[in-house]
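A short write-up of the structure that comes next.
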Amino acid sequence: MDARTTLIAVPLLVLATLAAPASDGPAKSPDQDLPPHITRLTFFGERADFSHDGKRVLFVEKTFGDVYEIELATRAIRLLTGHYKHLGYTRALYLANGDILLSGPERFDPKNPGPSRVQCFLHVLDKSLTKPPAPLGTKCSEGPAVSRTRMHIAWTHVAEQYPDEMPRGSSRIHEADIVTEGGTPKLVNQRLVLDSRDLPFRCTLECQNFVPPAERELTFSAYGYQGTDVCGVDVETKKVTNYSDAPGQYDEPEGVFPDGRWTLVECDREGKSGRGAGHVDIWKLSLDGRRTWERLTYFNAYPGYKASNPVVSDDGKFMAFQLAKSSDPAGVGYGIFLYDFGKAAHARLRESDKSNNPALSGA
């Protein structure tokens, strides 16, 4: 364990009781052995996102698939992109006004899908679902970042998308407001947030989340630096902070908690280090500079599986994430799951009480 790292003070016995799989019997998949605070929402889909009222979860059917929405109260699933022709999407995120930001290709070759994942464009789908989405006129590498409170987004470009203006191997993050003029959304006040060439280390950027409540900071993945690190950039001063700073460890930031104190991270820190993105689980990492970690899922304790792509509800009470397989490309998922933070905390407290007082466990 790195001496710079602080671990949450939860007894190892509690963690094992809450989440680790049993060693006896035939091999299981994680969804066959869920703790009480995790429930399965769907049997297909990936890359979930919470509606801002917390009542629905948006997700992509598959990479280059349709976009669906599940109502949490009834578990009813609704297709949102079936009323027009398209080539599929890689991302779908709720905007602050309830419209949906989409990222997907304008060309697609099923025999060579890789370039289509890179050459994605941003569109806005009106929440009325009465018309096709409107293009925003820019490409987007991997996932964009969306403000919870205003019509504001950030996104990443890589050199493969704009080879005539970007040096090979470079990447950059932009931000802009979305306004509607004449019934059509468009980007305004666009500006550069960060260029990878301005960093003191080499990496490929991917923006992740605005950090609430002020949203003056944007988290991003520093792919390829020390494995991959969790970083943040102040959008005004351009100051960059490395929050994980863990050589040889894969740390990719995902959803940020509404108080701005923690980010979710896809991380391979347990056990043998350096196993990479195919062996991640979901952790919490503090954004106060202390590098405090807390493990949330144990899906990679089941051979061949991992948990990935987590997002936090706007009230901070729930996390949505996906079941994934170690051998599949990043982002591929096999259903959406719901993690109840309140139930998890109650279970930890109950198990801690039992470990401290054997009489409570029937000993």
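Hey, which of these cross-link pairs are over 28 Å Cα-Cα: Lys62/Lys306; Lys55/Lys239; Lys306/Lys343; Lys139/Lys317? Please list the in-between numbers first.
On the way: Lys62/Lys306 17 Å; Lys55/Lys239 36 Å; Lys306/Lys343 22 Å; Lys139/Lys317 33 Å.
Checking Cα-Cα distances, Lys55/Lys239; Lys139/Lys317 exceed 28 Å.
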- prompt: Which aspartates and glutamates have a Cα less than 17 Å from the Cα of Lys238, not counting those fewer than 8 places away in the same chain?
  reply: Glu175, Asp195, Asp198, Glu206, Glu215, Glu217
- prompt: About its Cα centre, how strong a charge dipole does the chain have in debye, to the nearest 20, once Lys and Arg get +1 and Asp and Glu get -1 at the Cβ?
  reply: 340 debye
message: Checking the a/c ratio against 1.5 first, then a/b against b/c, what shape does the Cα gyration tensor give for the range 214-306?
response: prolate
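Between Arg168 and Glu236, what FRET efficiency follows from the Cβ-Cβ distance if R0 is 35 Å, with the result rounded to 0.05? Please list the in-between numbers first.
Numbers: r = 30 Å, r/R0 = 0.85.
So the FRET efficiency works out to roughly 0.75.
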task: Would you please give the residues with an amide H less than 5 Å from that of Trp262, counting only those at least 5 places away or on a separate chain, with H modeled from the backbone geometry?
output: Phe257, Leu287
query: Can you give the angle from 0 to 90° between the axis of helix 341-356 and the longest principal axis of the chain, with both taken from C-alpha atoms, to the nearest 10?
result: 20 degrees
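Which of the peptides 56-68, 237-249 is most tightly packed, and how do the rest follow, judged by the mean count of other Cβ atoms within 10 Å per residue? Before the final figure, lay out each step's value.
Working: 56-68: 21.5, 237-249: 16.2.
Averaged packing, sorted descending, gives the order 56-68, 237-249.
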Total formal charge among the other residues, if their Cβ is under 15 angstrom from that of Ser313, Lys/Arg +1 and Asp/Glu -1: -3
field: Cut-off 13 Å between beta-carbons: net charge of the residues surrounding Phe43, Lys and Arg +1, Asp and Glu -1
entry: 0
- line: Cβ-Cβ cut-off under 15 Å around Ile70, Lys and Arg +1, Asp and Glu -1: the net charge is -1
query: Tell me, what ³J(HN,Hα) does each residue in the range 208-221 have, in order and in whole Hz, if you take phi through Karplus 6.51 cos²θ - 1.76 cosθ + 1.60 with θ = phi - 60° and put x for Gly and Pro?
result: 10, 8, 6, 8, x, x, 6, 6, 8, 10, 10, 7, 8, 8
- request: Quick one: what are the phi-derived ³J(HN,Hα) couplings along the range 179-196, Karplus 6.51/-1.76/1.60 with θ = phi - 60°, whole Hz, x for glycine and proline?
  value: 10, 10, 10, x, x, 10, x, 8, 8, 9, 6, 6, 8, 7, 8, 7, 10, 4
query: Under the Karplus relation 6.51 cos²θ - 1.76 cosθ + 1.60, θ = phi - 60°, what is the ordered set of whole-Hz ³J(HN,Hα) values for the range 165-177, x standing for Gly and Pro?
result: 10, 10, x, 4, x, 8, 8, 8, 10, 10, 9, 6, 8
- line: Taking every C-alpha to C-alpha distance in the chain and binning by 10 Å from 0, the per-bin percentages run 5, 24, 35, 24, 9, 2, 0, 0
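Rule-based calculations on the coordinates, nothing more; no lab input. Please read these numbers as outputs of a predicted model, since none were measured by experiment. Note that each Cβ is placed from the backbone with ideal geometry, even for glycine, and that neighbours are counted across all protein chains shown.
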